[in-house]
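J.: First, the structure itself, so that you have it in front of you.
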Amino acid sequence: QKEVEQNSGPLSVPEGAIASLNCTYSDRGSQSFFWYRQYSGKSPELIMSIYSNGDKEDGRFTAQLNKASQYVSLLIRDSQPSDSATYLCAVRFHQGAQKLVFGQGTRLTINP
Amino acid sequence: EAGVTQFPSHSVIEKGQTVTLRCDPISGHDNLYWYRRVMGKEIKFLLHFVKESKQDESGMPNNRFLAERTGGTYSTLKVQPAELEDSGVYFCASSRATDTQYFGPGTRLTVL
């Protein structure tokens, strides 16, 4: 079993709709959770971080964390063609260790 | 503020040769990380520097890989001798403390 799992996609969503990206992780003691966006050939760019159960909203983005189910998701409202990218879920498993454990990424395409 | 920079952007070498990758972190960031993404796989952690000290090198695949950060500024990652399975994209990231890791654009390494 992979430590961090994402559906690799591709996920295709019409413009203006809600895109829902999901991620599960194996270590119940995980502390910190991140969503990065990566355009082809570019740096991964942090778009959301979440540390506590529940929802965290930032503009059109909402991260949701459920530690009991070991599940973190990212919702993108009013999807735009510029949101088309690969979305990477990353988990910091332990408070003492700084390394991030990544999922494979979900390729998202927003269709105009 | 300049972002994380990496050099070269691409490198093509033959099996058995040596390659050195360089990373310049964001100014003032004591933490520097190396990650790698091989074809079709997720981004994987290689090692973590705090200033010039190796904090965590648990992800280094073998002793053909040598990372240095003399003076606590830029870092180099040397692969000697390179093997075919070393091909991939090598990312560097930096952070001020235990917060957001900012990624560079990566070096695409191809070993023929």
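The values are calculated or read from the model by the stated rules, or taken from the named source; none is laboratory data. Predicted model, so just to flag it, every value in this text is computed and none were measured. Every residue, glycine among them, receives a Cβ derived from its backbone with ideal geometry; neighbour counts consider all protein chains shown. Only protein heavy atoms, including side chains, enter the accessible area calculation; ligands, DNA and RNA are left aside. Shrake-Rupley method; radii C 1.70, N 1.55, O 1.52, S 1.80 Å.
J.: Using a simple charge model, +1 on the beta-carbon of Lys and Arg, -1 on the beta-carbon of Asp and Glu, nothing else, what dipole does chain B show about its Cα centre, in debye to the nearest 20?
T.: 160
J.: Mind putting a number on the dipole of chain A about its Cα centre? Charges go on the C-beta only, +1 for Lys and Arg and -1 for Asp and Glu, and I need it in Debye to the nearest 20. Could you put the intermediate results ahead of the total?
T.: Values: 11 positive and 10 negative charges, 57 e Å.
With only Lys, Arg, Asp and Glu charged at Cβ, the dipole is about 280 debye.
J.: How many Å² of accessible area per residue for the protein assembly as shown, probe 1.4 Å? Mind dumping the intermediate values first?
T.: On the way: 10870 Å² over 224 residues.
On a per-residue basis, the protein assembly as shown sits at 49 Å².
J.: Ok, one more. With a 1.4 Å probe and all protein chains kept in place, how much accessible area does B:Val89 have, in Å² rounded to the nearest 10?
T.: 20
J.: On to the next question. Rounding to the nearest 20 debye, state how big the charge dipole of the protein assembly as shown is about its Cα centre with +1 on each Lys and Arg Cβ and -1 on each Asp and Glu Cβ.
T.: In total the dipole reaches around 280 debye.
J.: Another question, if that's okay. With the cut-off at 1.5 for a/c, could you classify the protein assembly as shown from its C-alpha gyration tensor as rounded, prolate or oblate?
T.: Numbers: a/c = 1.84, a/b = 1.51, b/c = 1.22.
Prolate is the answer for the protein assembly as shown, as a/c is 1.5 or above and a/b outweighs b/c.
J.: Work from the charge dipole of the protein assembly as shown (Cβ charges, +1 for Lys and Arg, -1 for Asp and Glu, about the Cα centre) and give the residue of B:Gly71, B:Ala82, A:Pro14 farthest towards its positive end.
T.: Farthest along the dipole direction, towards plus: B:Ala82.
J.: I'd like the interface area for chains A and B: accessible area of each alone minus the complex, both sides summed, 1.4 Å probe, protein heavy atoms only. What is it in Å² to the nearest 100?
T.: 1500
J.: Please tell me which of these pairs span more than 29 angstrom C-alpha to C-alpha: A:Lys67/B:Lys78; A:Lys99/B:Lys78; A:Lys42/A:Lys99?
T.: Correct reply: A:Lys67/B:Lys78.
J.: Percent relative contact order of chain B, based on C-alpha pairs within less than 8 angstrom and at least six residues apart?
T.: So the answer I get is 37 percent.
J.: Select from A:Gly41, B:Val50, B:Leu109 the residue farthest towards the positive end of the dipole of the protein assembly as shown; place +1 on Cβ of Lys and Arg, -1 on Cβ of Asp and Glu, and compute about the Cα centre.
T.: So the residue we want is B:Leu109.
J.: Nearest 5 percent is fine: what portion of the DSSP beta bridges confined to chain B is antiparallel? Write down the numbers at each step before the final one.
T.: Details: 33 of 37 bridges.
Roughly 90 percent of the beta bridges in chain B run antiparallel, per DSSP.
J.: Do any residues of the stretch B:39-79 show a loss of at least 50 square angstrom of accessible area between the isolated chain and the full protein assembly, using a 1.4 Å probe, and if so which?
T.: Relative to the lone chain, where solvent access is computed with a 1.4 Å probe, the stretch B:39-79 loses at least 50 Å² at B:Glu42, B:Ile43.
J.: So, one more: Sticking to Cα atoms, compute the Rg of the stretch B:1-61 to one decimal and its Dmax as the biggest Cα-Cα distance, whole number, in Å.
T.: Rg, Dmax (Cα atoms, Å): 13.2, 38.
J.: So, one more: Where a ≥ b ≥ c are the square roots of the eigenvalues of the C-alpha gyration tensor, would you call the stretch A:25-96 rounded, which needs a/c under 1.5, or, failing that, prolate if a/b is larger than b/c, or oblate?
T.: oblate
J.: Would you check the accessible area of B:Ile13, probe 1.4 Å, heavy atoms only, in square angstrom rounded to 10?
T.: Surface open to solvent at B:Ile13 totals about 20 Å².
J.: Under 14 Å from the Cα of B:Lys54, which aspartates and glutamates turn up, not counting those fewer than eight places away in the same chain?
T.: By straight Cα distance, B:Lys54 reaches B:Asp30, B:Glu68.
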